[in-house]
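Throughout, read-outs are computed from the coordinates displayed, never taken from laboratory work. From a predicted model like this one, the values you see are computed outputs, not experimental measurements. For neighbour counting, all protein chains shown are included, and Cβ atoms are generated from backbone atoms with ideal geometry for every residue, glycine included.
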C-alpha cells in the first residue's frame, strides 16, 4: 500500500468518525429539544389547570403541595417525599389534582399515571384524586376502591357495635331482679 493510499484511507476513516460524531451530537440535541418542549407544554398545562379546576367547582387550596410519608420494608422505615400539582376541595371533600399532558399520560389506563394517582391518594390521605388533561382542559374525578368505601363500612360497623351494646344493656336490665 502506498503512502497516498494510506493517507486516503486515514482521511476516509476520519470523515466517517466525524460524521458519526455529528450524528450522535445531533441526536442528543434533538432529545434535549424535545425534552424542553415537553417541559414547556407541561408548565403551560399546569398554569391553566387552576382555572379549569375552579370552573369545575373545585377550590384550589395549594399548588405544588409537598408531603412526606413512611413506607416500611422488612421493618425498616423509608421516608418518601412527594409533590402534587394541586390540593383542591369540593363539597367538603379534599382531593389531590395532578395535571398530565400528552397523548397517553392524561389517561387512567396508562399504568404510570394510575400508579402515581394511587400513591397520591394514599400519601396525601385525601378523599380522591383529580386528573386534569393539561392539553384539553378536561377535569376528571378519580376514585379508587382503596378507602373511598371504607368510611361507609366503618359507619355501618359503628351502628352494629352500638346495637350490640344496646342489646346487652337490655338483656342485663331484664336479668336484674330489681327491674
- Message: For a Förster distance of 30 Å, can you work out the FRET efficiency between the beta-carbons of residue 146 and residue 54, rounded to the nearest 0.05?
- Response: 0.65
- Give the peptides 12-18, 114-120 in descending order of average Cβ contacts within 10 Å, highest first. 114-120, 12-18
- Task: Just rank 29, 52, fewest to most, by other beta-carbon atoms within 10 angstrom.
- Result: 29, 52
- Note on the structure: Residue span residue 118 to residue 7: 0.36 nm per residue of separation minus Cα-Cα distance leaves a gain in nm of 33.6 nm
- Task: Just subtract the alpha-carbon distance of residue 28 and residue 78 from 0.36 nm times their residue separation and send over the number in nm, one decimal.
- Result: 14.4 nm
- Stretch residue 94-residue 18 to full length: gain in nm at 0.36 nm per residue minus the Cα-Cα span? 21.6 nm
- Using the count of nearby Cβ atoms within 10 Å as a rough guide to exposure, how do 99, 126, 8 rank from fewest to most? 8, 126, 99
